[in-house]
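The values are calculated or read from the model by the stated rules, or taken from the named source; none is laboratory data. This one's a predicted model, so the numbers in the text were calculated from it and none came from an experiment. Note that each Cβ is placed from the backbone with ideal geometry, even for glycine, and that neighbours are counted across all protein chains shown.
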Amino acid sequence: MILPNKFIRYKDSILPKTKVLILPSGSELTVLELYQKHKNHFADAAEYIYALDMLFALNIIDFDQKLGTIKYVD
């Protein structure tokens, strides 16, 4: 993941970019819908995936494999 350190500034890290992906709890979108909605905030799809990984690791989102949707955890 791209985390801030002495070579990567906070504003260039993935942390500030995760906030654009946070929607109200109970919201449910597919991975593609969410990407299309916020793709202008990310340099590429890999950066978007890093942001999703961060939110998943922090238990902010959950992924439903059957439906292919991201659900925001309460």
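Answer with yes or no whether residue 32 is within 11 Å of the chain's Cα centre (by Cα), part of a helix (DSSP H, G or I) and without any contact (Cβ under 8 Å) to a residue 40 or more places away in the chain. Judged against the criteria, residue 32 is not a match. Selection of the stretch 42-74 for residues being more than 12 Å from residue 25 (Cα to Cα), in contact with an Asp or Glu (Cβ under 9 Å, 6 or more places away or on another chain) and not hydrophobic (A, V, I, L, M, F, W, C) yields 64, 69. Say whether the condition of being surrounded by 13 or more Cβ atoms within 10 Å (Cβ to Cβ) and assigned to a helix (DSSP H, G or I) is met by at least one residue in the stretch 55-66. Yes; the residues of the stretch 55-66 include at least one that is surrounded by 13 or more Cβ atoms within 10 Å (Cβ to Cβ) and assigned to a helix (DSSP H, G or I). Residue count for the stretch 36-47 under the criterion of being in contact with a helix residue (DSSP H, G or I) (Cβ under 8 Å, 6 or more places away or on another chain) and either modelled with pLDDT of 95 or more or not in a helix (DSSP H, G or I) (or both): the result is 1. Taken together, the criteria exclude residue 51 from residues that are under 20 Å from residue 4 (Cα atoms) and not in a helix (DSSP H, G or I).
Those residues that are more than 18 Å from residue 74 (Cα to Cα), aliphatic (A, V, I, L, M) and under 11 Å from the mean Cα position of the chain (by Cα), I need them from the stretch 1-29; list them, please. Show your work before the answer.
Kept after step one, since they are more than 18 Å from residue 74 (Cα to Cα), are these residues of the stretch 1-29: 1-17.
Next cut, aliphatic (A, V, I, L, M) only: 1-3, 8, 14-15.
Hits for the stretch 1-29 are 14, 15.
Only residues that are closer than 20 Å to residue 65 by Cβ and in contact with a His (Cβ under 8 Å, 6 or more places away or on another chain) were counted in the stretch 3-37, giving 1.
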